[in-house]
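Have a look at the structure below before the remarks.
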Amino acid sequence: MAADRSYKSTPRTRKGALTSFGSRTDIGCLRDHNEDSLVVTPPLFAVADGMGGHAAGEVASEIAVRVLSELAPEHPDVEALGRAIEEANRAVIQAAREGRGRQGMGTTMTAAMLEGERLVIAQVGDSRAYLLHQGKLQQLTRDHSLMADMIEAGQLTPEEARTHPQRSVITRALGSDAHLHPDIYEINVETGDRLLICSDGLSGMIFDDQIENTLRRVQDPQRCASQLVNEAIAAGGHDNVTVIVADVTGYAEVRRKKLARKTKLSIALVLVLFAAIIAGAAWGTQTYLNTAAYLANDNGKVAVYRGVPGSVLGLSFSHLERTTDVTVADLQPGVANRLNEGIRVDDMEAADALVKEYEDEIAARSKNQAEGGNAESGRNADAKDASDAKNGGAA
């Protein structure tokens, strides 16, 4: 079996929603060459099934997808897509006239453009487009084939058409009529839908219910495309098989990216605010520590400290400013006990004022003690004089 072959046009740069897709083309089990070609350059997807034999069908399909890739619009536009297929038709006819390929060569063409939740299709021939919507498969395109005409006329059933000797006869193809116009479709799809475009190498080998089951079951679009081709080959692979599976993501990916960006911005803003809060708290704490003060016992003397008493995890938040001449033992016992723990004040000015109170208190106490001592001495002297006078008078 020959290797898979696919044609991919030059990728386009575009804006809009992203599309998840997969594709595969295979020569099948009975053919000696692959006449199918495909385009997978989102938002453009297309399958072309060539006819005319070796060095003809593959030439026609490759010309068709090349012209389509060059002329298709950047975004879904059903009229512009239809015109691109009409130009591809003329290119196939012109190539046959010039001796590229063979006279009578042709190709089917089913081209779709999927962007956001908008799908447009232009189609010639019997390569099909399907849509899996809410788990149910529906065929979007109508085959341009003798079998489709006979089924619509009630001359045979779809089951009979699958084995009819003229099942490969198509009634419209690129390369057959210079005035050919494709069927065009414009469809609104929903996020979660799945688009399938395939050559009749798939739809002619396995039934739609099997296709539906695989599209539902295999979530990854590339694995799904490969699985569908494998099933067609397992059923006999009588023709070349080409499959494109594209998931309708709508603008979910765009919304996800916007949400991610918004989340990142929100996190960044929270971090900035948190940093600002931390910085503000640090600044405020430092300002407070530089302003606050307290008095404490420093080896029996009243000392003035800047900051707050105590420590956290071994860290001190104060430093000694000065040690005064005030002796703790000269203060009231209650004050002395409080100094052992630290007496907080609002600022250094308040600390100096409190030290001044202590100094004044000690000075006042010393003065009172001195005055009290002098008064006692005077009383003692007066008592002695009185005693001496009394004793003298008695004599």
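The values are calculated or read from the model by the stated rules, or taken from the named source; none is laboratory data. Given the structure is predicted, the values throughout are model-derived calculations rather than measurements. Note that we place each Cβ from the backbone using ideal geometry, even for glycine, and neighbour counts take in every protein chain shown. To get the accessible areas, we keep the full protein, side chains included, count just its heavy atoms, and leave off ligands, DNA and RNA. Shrake-Rupley method; radii C 1.70, N 1.55, O 1.52, S 1.80 Å.
Given a 10 angstrom Cα cut-off, can you work out which residue in A88, A225, A336 is the most mobile in a GNM of the chain?
A336
Between beta-carbons, use under 14 Å as the cut-off and find the net charge around Y294, counting Lys and Arg +1, Asp and Glu -1.
On the way: positive: R306, R322, R338, R344; negative: D298, E321, E341, D346, D347, E349, D352.
So the environment of Y294 carries a net charge of -3.
Springs between alpha-carbon atoms under 10 Å, Gaussian network over the chain: tell me which of Q219, Q139, Q332 tops the mean-square fluctuations.
Per the Cα network of the chain with a 10 Å cutoff, Q332 tops the list.
Over all Cα pairs of the range 18-248, how is the pair count split among 5 Å bins, expressed in % and running from 0 up to the last occupied bin?
Going from the shortest bin to the longest, the percentages are 1, 8, 16, 20, 21, 17, 12, 5, 1, 0.
If the only charges are +1 at each Lys and Arg Cβ and -1 at each Asp and Glu Cβ, what is the size of the charge dipole of the range 291-374 around the Cα centre, to the nearest 20 debye? List each step's numbers first, then the result.
On the way: 8 positive and 14 negative charges, 48 e Å.
I would put it at about 240 debye.
Please state, as a whole number in µm²/s, the translational diffusion coefficient that the Stokes-Einstein equation yields for the chain at 37 °C and 0.692 mPa s, with Rh defined as the Kirkwood radius across alpha carbon pairs. Please list the in-between numbers first.
Numbers: Rh = 28.4 Å.
The diffusion coefficient I find is 115 µm²/s.
On a 0 to 90 degree scale, rounded to 10, what angle separates helix 57-71 from the longest Cα axis of the chain?
The two axes meet at around 40 degrees.
Suppose every Lys and Arg Cβ carries +1 and every Asp and Glu Cβ carries -1, with no other charges. What dipole size does the range 40-79 come out with about its Cα centre, to the nearest 20 debye?
Working: 1 positive and 7 negative charges, 27 e Å.
Around 120 debye, computed over the range 40-79.
To the nearest 20 debye, what is the magnitude of the charge dipole of the chain about its Cα centre, counting +1 on the Cβ of each Lys and Arg and -1 on the Cβ of each Asp and Glu?
With Lys and Arg at +1 and Asp and Glu at -1, about 400 debye.
Any chance you could give the angle, 0 to 90 degrees and rounded to 10, that helix 208-217 forms with the longest Cα principal axis of the chain?
Here the helix axis deviates by roughly 20 degrees.
At 1.4 Å probe size, put Y185, Y358 in order of accessible surface, largest to smallest. Could you put the intermediate results ahead of the total?
On the way: Y185 50, Y358 15 Å².
Result, largest first: Y185, Y358.
Quick one: which residues, 5 or more positions from M205 or on another chain, have an amide H under 5 Å from its amide H? H modelled 1.01 Å from N in the peptide plane, none for Pro or chain starts.
none
When only C-alpha pairs under 8 Å and at least 6 residues apart count, what is the relative contact order of the range 18-248, in percent? Before the final figure, lay out the partial values.
Details: 559 pairs, mean separation 66.7, N = 231.
The value is 29 percent.
Does anyone have the angle between helix 78-97 and the longest principal axis of the chain? Alpha-carbon axes, 0 to 90°, nearest 10?
40
In Å², and per residue, what accessible area does the chain have when probed at 1.4 Å with the other protein chains present?
Accessible area per residue, the chain: 52 Å².
Pick out which of D347, D220, D149 has the largest mean-square fluctuation in a Gaussian network model of the chain, springs linking Cα atoms closer than 10 Å.
D347
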